[in-house]
Amino acid sequence: MRPRFRVDRVALVTGSARGLGKASALALAREGATIIINDLPRNEAVAEATADEFRHGDLSAEVALANVSDEAQVDALIAGIIARHGRLDILVNNAGINRDAMLHKMTDEQWQQVIAVDLSGVFYMTRAASRIMRAAGRGRIVNISSASWMGNIGQANYAAAKAGVIGLSRTAAKELARSQVTVNAICPGFIDTQMTRGIPDAIREQQVAKIPLGRMGQPADVAAVVAFLASDEAGYVTGEVINVGGGYVL
Ligand code: NAD
């Protein structure tokens, strides 16, 4: 396949040991980027196995562990990438968690955990990367929000965080445009990953029945859009919010 990138690109994908992040990292690696696989320090073994899989496929990958909700770990992660590679061209803010509960039963902890990872994590990463990308005069940031940002029963914390990601993305897009850095958000719908595998079969079937394209999404469906937004060719697309949900919008 013809590599999509005209020159070497270094791409950091958060939470990419598995799921959508892994698929996005793979898509970018296949386009010729050097991939930094990030995940939580406790997931080191899975992250290393993912990087090995990439390297066996002759793709360039390394692991850099950090908890995106920890500002100091994020700053150290970015500094380490710059020390090793001298550049960071693409950031995909993919790491995310859910802690679903009805609002009247939601604990402070459930609220704070989701805001810390899904919103503050994106802020810490985007802020750190923007400093590098502004100075370089180029860059691509792709933020993984969710169809749930529109509001979804049992997901007040998650919807609030994912809506926040859209506001953050659109603001960053405006601020960074003068530096030729694009920032876009993707809203996946119902995608087949570990995050959705715990859902009882009956509810899965109900959800799938609402999707016009008639199936759950696959991680590769989202990864294809990540690869486009991260490409050199997508340089005139910024501040967009793209649904990847098989036609279903909440
Ligand atoms: P997943 O749980 O399979 O993978 C998430 C990965 O992120 C895991 O490897 C996990 O260890 C890592 N992670 C979690 N917290 C982290 C942290 N603090 N720092 C670094 N890494 C961390 O989930 P997924 O379905 O692949 O989800 C990826 C993204 O897509 C998330 O932001 C999620 O909210 C979003 N999303 C998923 C769906 C879906 O249907 N699966 C739909 C909409 C949006």
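The values are calculated or read from the model by the stated rules, or taken from the named source; none is laboratory data. In this text, all values refer to a predicted model and were calculated from it rather than measured experimentally. Don't worry about glycine lacking a Cβ; one is built from the backbone with ideal geometry, like all the others, and counts go over all protein chains shown. SASA here: full protein model, heavy atoms, side chains in, ligands and nucleic acids out. Shrake-Rupley method; radii C 1.70, N 1.55, O 1.52, S 1.80 Å.
Can you give me the Cα centroid spacing of region 3-71 and region 89-111 in angstrom?
Taking the Cα centre of region 89-111 as reference, the centre of region 3-71 is 22 Å away.
Give a residue-ordered list of calculated ³J(HN,Hα) values for region 58-73 (Karplus: 6.51 cos²θ - 1.76 cosθ + 1.60, θ = phi - 60°; whole Hz; x for Gly, Pro).
In residue order, the calculated couplings are 6, 10, 8, 8, 9, 10, 9, 7, 5, 8, 5, 8, 10, 3, 5, 5 Hz.
Under 17 Å from a point 7 Å along the Cα-to-Cβ line of Gln218: which residues of region 19-61 have their amide N that close?
19-28, 30
Taking a spot 7 Å from the Cα of Arg131 along the direction of its beta carbon, which residues of region 8-25 have an amide N less than 18 Å from it?
Counting backbone N atoms under 18 Å from the label point, the list is 12.
Out of residues 5 or more away from Val13 or on other chains, whose amide H comes under 5 Å of its own, with H placed 1.01 Å from N in the peptide plane?
So Val13 has HN proximity to Ile36, Asn38, Val92.
If amide H atoms are built 1.01 Å from N in the plane of the peptide, which residues on other chains or at least 5 residues away come under 5 Å of the amide H of Gly217?
Distant-sequence amide H within range of Gly217: Phe190, Ile191, Asp192.
Considering only protein heavy atoms and a probe of 1.4 Å, how much of the accessible area of region 10-235 is carbon and sulfur, as a whole percent?
Using a 1.4 Å probe with all protein chains present, region 10-235 comes out at 52 percent carbon and sulfur.
Just how large is the dipole of the chain about the Cα centre, in debye to the nearest 20, putting +1 at every Lys and Arg Cβ and -1 at every Asp and Glu Cβ?
660
Report the Stokes-Einstein translational diffusion coefficient (µm² s⁻¹, integer) for region 161-250, Rh taken as the Kirkwood radius over Cα pairs, at 25 °C with viscosity 0.890 mPa s.
Values: Rh = 14.5 Å.
Diffusion coefficient, whole number: 170 µm²/s.
Arg215: net charge of surrounding residues, Cβ under 12 Å, Lys/Arg +1, Asp/Glu -1, itself excluded? Could you put the intermediate results ahead of the total?
Details: positive: Arg204, Lys210; negative: Asp192, Glu205, Asp221.
Summing Lys and Arg as +1 and Asp and Glu as -1 gives -1.
Would you list which aspartates and glutamates come within 17 Å of Lys174, measuring only between C-alpha atoms, while excluding same-chain residues fewer than 8 positions from it?
Glu240
For region 119-136, in order, what is each residue's ³J(HN,Hα) by Karplus, 6.51 cos²θ - 1.76 cosθ + 1.60 with θ = phi - 60°, in whole Hz (x at glycine and Pro)?
10, 5, x, 5, 5, 4, 5, 5, 4, 5, 5, 5, 5, 5, 6, 4, 5, 7
For the chain, what is the relative contact order in percent, using Cα pairs closer than 8 Å and at least 6 residues apart in sequence?
Reported relative contact order: 20 percent.
If I stretch the segment between Glu205 and Ser179 completely, what's the gain in nm (0.36 nm per residue apart, minus their alpha carbon distance), one decimal? Before the final figure, lay out the partial values.
Numbers: separation 26, 0.36 × 26 = 9.36 nm, distance 4.54 nm.
Taking Glu205 through Ser179 to full extension adds about 4.8 nm, to one decimal.
Quick one: longest stretch of the chain between exposed loop trypsin sites (Lys or Arg not before Pro), exposed meaning at most 12 other C-beta atoms within 10 Å and loop per DSSP?
Looking at the chain, 7-214 is the longest stretch - no exposed trypsin sites (Lys or Arg not before Pro) with at most 12 other Cβ atoms within 10 Å.
Taking K and R as +1 and D and E as -1, what net charge do the other residues with C-beta under 13 Å from the C-beta of Met195 add up to?
Charge balance in the 13 Å sphere: +3.
For the chain, what is the calculated [θ] at 222 nm in deg cm²/dmol (nearest 500), taking -39500 (n - 2.57) for each run of four or more DSSP H residues and dividing by its residue count?
Values: 9 runs with 109 residues, N = 250.
It comes out at -13500 deg cm²/dmol, rounded to the nearest 500.
Protein chains only, probe 1.4 Å: how do Met106, Met150 rank by accessible area, largest first?
Largest accessible area first, the residues go Met150, Met106.
Suppose the Debye formula is applied to equal point scatterers at every Cα of region 10-235; what is log10 I(q)/I(0) at q = 0.15 Å⁻¹?
Normalising to I(0) and taking log10 leaves -0.98.
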